[in-house]
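Data first, discussion second: the structure below is written as structure tokens.
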């Protein structure tokens, strides 16, 4: 069964060109002309991935991302933001911190767009394996983590980061690898987001010692009883 995608763009021609590209690649594609319509479609049935225009008349992408969370800790499917070249790296960081998976500048080569979509869907499938380390249980695909009987309230990227670190328990995972695997980019502007993710993980765990900082390199997960 093909993945079901939702393209959200108020420019009808752009939306249809994107949808047609994706349909020819074998995906099932729906189109929404506004942030409001996109949210209505998601409530009717969650897609496997959303391509979301950054700037629309009714709301911008960060607002849509906040609404998709609806008080939850994460967005249950990948969201790739489609943006004009004028948007700054700061705009991209804002969207990623609100839960977006990736950014694609409009006009990017079609094969690159397809590769980024495929990569986001592959990442979602790859994160499906739950992992247990001592009292810690993490299942990034379900947006769930707990320490003993206590539920950890983690956003999408801190949750993915925790699962990646736990999968490499005892090994040092470099900052560059974390940026590449969790943020999908080596862009240095995301370093602050990485540090915030570590802070959120430690705050939720409430116990020192699970995540060790290896100065100048990265982080190491230490399994505790």
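For the range 193-212, the set of residues classified as touching a residue at least 12 places away in the same chain (Cβ under 8 Å) and within 24 Å of the chain's Cα centre (by Cα) consists of 193, 194, 196, 197, 198, 200, 201, 204, 205, 210, 211, listed by residue number.
Give the number of residues within the range 95-120 that are closer than 22 Å to residue 161 by Cβ and crowded, with 17+ Cβ neighbours inside 10 Å. First the steps, then the outcome.
Narrowing the range 95-120 to residues closer than 22 Å to residue 161 by Cβ: 95-103, 116, 119-120.
Remaining after also requiring crowded, with 17+ Cβ neighbours inside 10 Å: 95-103, 116, 120.
The qualifying residues number 11.
Residue-level check: of (1) at pLDDT below 85; (2) closer than 22 Å to residue 193 by Cα; (3) surrounded by fewer than 17 Cβ atoms within 10 Å (Cβ to Cβ), residue 91 misses just (3).
Is it the case that some residue within the range 56-75 is surrounded by fewer than 18 Cβ atoms within 10 Å (Cβ to Cβ), farther than 18 Å from residue 112 by Cβ, touching a residue at least 60 places away in the same chain (Cβ under 8 Å) and under 18 Å from the mean Cα position of the chain (by Cα)? Within the range 56-75, one or more residues are surrounded by fewer than 18 Cβ atoms within 10 Å (Cβ to Cβ), farther than 18 Å from residue 112 by Cβ, touching a residue at least 60 places away in the same chain (Cβ under 8 Å) and under 18 Å from the mean Cα position of the chain (by Cα).
The values are calculated or read from the model by the stated rules, or taken from the named source; none is laboratory data. Just so we're clear, the structure is a prediction, and the values are computed from it rather than from any experiment. Cβ coordinates were reconstructed from backbone atoms using ideal geometry, including for glycine residues, and neighbour counts include every protein chain displayed.
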